[in-house]
1. Would you pick out the residues in the range 426-442 that are surrounded by fewer than 19 Cβ atoms within 10 Å (Cβ to Cβ) and of a type outside the set (D, E, K, R)?
2. Before we move on, is Thr93 over 19 Å from Val173 (Cβ atoms), surrounded by 20 or more Cβ atoms within 10 Å (Cβ to Cβ) and of a type in the set (Val, Ile, Thr)?
3. Would you be able to tell me the number of residues in the range 368-401 that are surrounded by 24 or more Cβ atoms within 10 Å (Cβ to Cβ) and more than 22 Å from the chain's Cα centre (by Cα)?
4. Residues Tyr327, Tyr368: which one is closer than 22 Å to Trp105 by Cα, of a type outside the set (Gly, Ala, Ser), in contact (Cβ under 8 Å) with a residue 60 or more places away in the chain and in the same structural domain as Trp458 (by TED's automatic domain parsing)?
5. Please pick out the residue among Ala170, Ala195, Ala235 that is closer than 23 Å to Tyr34 by Cβ, surrounded by fewer than 19 Cβ atoms within 10 Å (Cβ to Cβ), touching a residue at least 40 places away in the same chain (Cβ under 8 Å) and among the aliphatic types (A, V, I, L, M).
6. If we keep just the residues of the range 130-167 that are surrounded by fewer than 16 Cβ atoms within 10 Å (Cβ to Cβ) and among the charged types (D, E, K, R), which is modelled with the lowest pLDDT?
7. Quick check on this structure: which one of Asp78, Asp17 is buried (at least 18 other Cβ atoms within 10 Å of the Cβ) and of a type in the set (Asp, Glu)?
8. Please give the helices (runs of 4 or more DSSP H) falling wholly within the range 303-418 in which 2 or more residues are away from the ligand (no atom under 16 Å from the Cβ) and farther than 30 Å from Glu100 by Cβ.
Amino acid sequence: MTAPILLWFKRDLRVHDHPALAHAAALGPVLPLYIVEPGYWALPDVSGRHWAFLSETLAALQTELAALGQPLVLRQGDAVEVLERMRRRFGITRMVSHEETGNGWTFARDRRVAGWARAQGVRWEELPQCGVVRRLSSRDGWQGRRDRFMAAAQGTAPAALAPLEIAPGAVPVVPGPGLAPDPCPHRQRGGRTEALALMESFLTERAAGYRRAMSSPLGGERACSRLSPHLALGALSVREVVQATAGRRGALRGASGGWGGALASFDKRLAWRDHFIQKLEDEPALERRCLHPAWEGVRPRDPDAARLAAWAAGETGLPFVDACMRYLRATGWLNFRMRAMLVSVATHHLWLDWRPVGQHLARLFTDYEPGIHWSQCQMQAGTTGINTMRVYNPVKQGLDQDPDGRFIRRWVPELAPVPDAFVHQPWIWPGAGRLAGQRYPAPVVDPEGGGGAARGAWARLRAGPFFAYPAAAVAARHASRKRPPARSGARRRDDGAQLRLDL
Ligand SMILES: Cc1cc2nc3c(=O)[nH]c(=O)nc-3n(C[C@H](O)[C@H](O)[C@H](O)COP(=O)(O)OP(=O)(O)OC[C@H]3O[C@@H](n4cnc5c(N)ncnc54)[C@H](O)[C@@H]3O)c2cc1C
């Protein structure tokens, strides 16, 4: 019997436009394997909602692969041990996967797997599945490479896969002992069918209001694509979405109703996706270290536990912040601007370190994508050294994005007795004393002046002698090249389009 090619599925859970699967299928019979790793599921940045979404996506993939002739093989355990068992059983000498840009744990695991493959004489090929480039020497020309990848023809699924003599195994109920219960009653459902339906409804119905509605958690829920968790697990390839968007833009050329601008804006965000993931690919340590070293230690590494707990529970006494956090806990999703505001309030007003803040949010986001997430957390916390500091005023954000307080009232029912005029700032309501019985707290921090410490620290660091040089290095390594890199990173505004859009 010819030894099969082991196709290790990771965050590429589809068969269409799958370069690694197509490559493996061209080489010989394929053993499609997914490993549920208990070590991963004990990490502080993963959660039950991630697992619930993943298990639905895995079940869908198992069905898709079964229709091709060989169901997905699911095994639980340490990756090296599972791979070694497969090697012994099938005489595996070749393995293919996509190039994963994951968190520090998966990075270290891949190094162990690479060591095992070398020691056992297994040839492991990793192929890109998006615009992120491995071992990139410079950001110059990166955008062009990414655009060429997106313009290339999509790969099709293999017509059939030869069946192997192996029990597929079922998706386990729990992935490991370390996972805490995580109720998320309004979570999105996983699986390619759901992903395709969302893409279709976005491109044909929902996107018209995208630009106007995306800033508000009320409008964004429907007007944003909601594709993020599916992209994070690869149920859709980014190229499929980019090309479907281009096709729709072509078909709608000249149409009124905001479609052109909406789809252009969406397309830009798909490009940001690769841009941000590229940062983590180029610098895995950005998940744990401030990009600009001068920020290290400015905020206490041991955060004020009471403040962190109040923010995480949606009990800061700042109604719009609490409503956003509670909505996120219940749905697993939040629009971009409100994610940024939650980080801004935590790191500027509450003066908490971005790492525990980011870990809490990572667990709550069903779409947790380490490359976007940690880059954005640092950007919003102001620790990159190359972005201007954004201090969101949470009261102003609430008044702008939820002017009649509908969103606040839904998610913070304790404020029911408060008249409309005061729902954004119950502390100035003359009847505020009555809220004591509702158990809604007084604000833990002054929403207007709370960002002062952050602004002061930023001004002091920028003026210091050790700021400009490392900032220029960060800009050279990570900044987009729409404009030439600035001489002094201190003045550079990386990702300028985003800054203008989101501030
Ligand atoms: C602090 C913080 C943490 C974030 N963490 C994540 C995360 O873990 N996973 C994640 O997918 N997104 C993250 N984002 C980016 C953004 O908020 C989400 O991608 C978006 O809200 C997902 O909803 P959507 O799919 O409807 O987005 P749409 O607006 O429909 O955008 C389409 C896709 O473009 C990409 N995208 C959109 N906005 C951005 C952005 N600003 N940067 C990079 N890519 C973008 C995503 O893949 C998204 O699915 C984070 C933003 C902030 C401020």
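The values are calculated or read from the model by the stated rules, or taken from the named source; none is laboratory data. Remember, it's a predicted structure, so these values are computed and weren't measured experimentally. No Cβ is skipped: glycine too gets one built from the backbone with ideal geometry, and neighbour counts run over all protein chains shown.
1. Trp427, Ile428, Trp429, Pro430, Gly431, Ala432, Gly433, Ala436, Gly437, Gln438, Pro441, Ala442
2. no
3. Here the count works out to 3.
4. The match here is Tyr368.
5. Only one candidate qualifies: Ala170.
6. Asp140
7. Just a single option satisfies the conditions, and that option is Asp17.
8. Here the list reads 305-313, 319-331, 394-401, 406-411.
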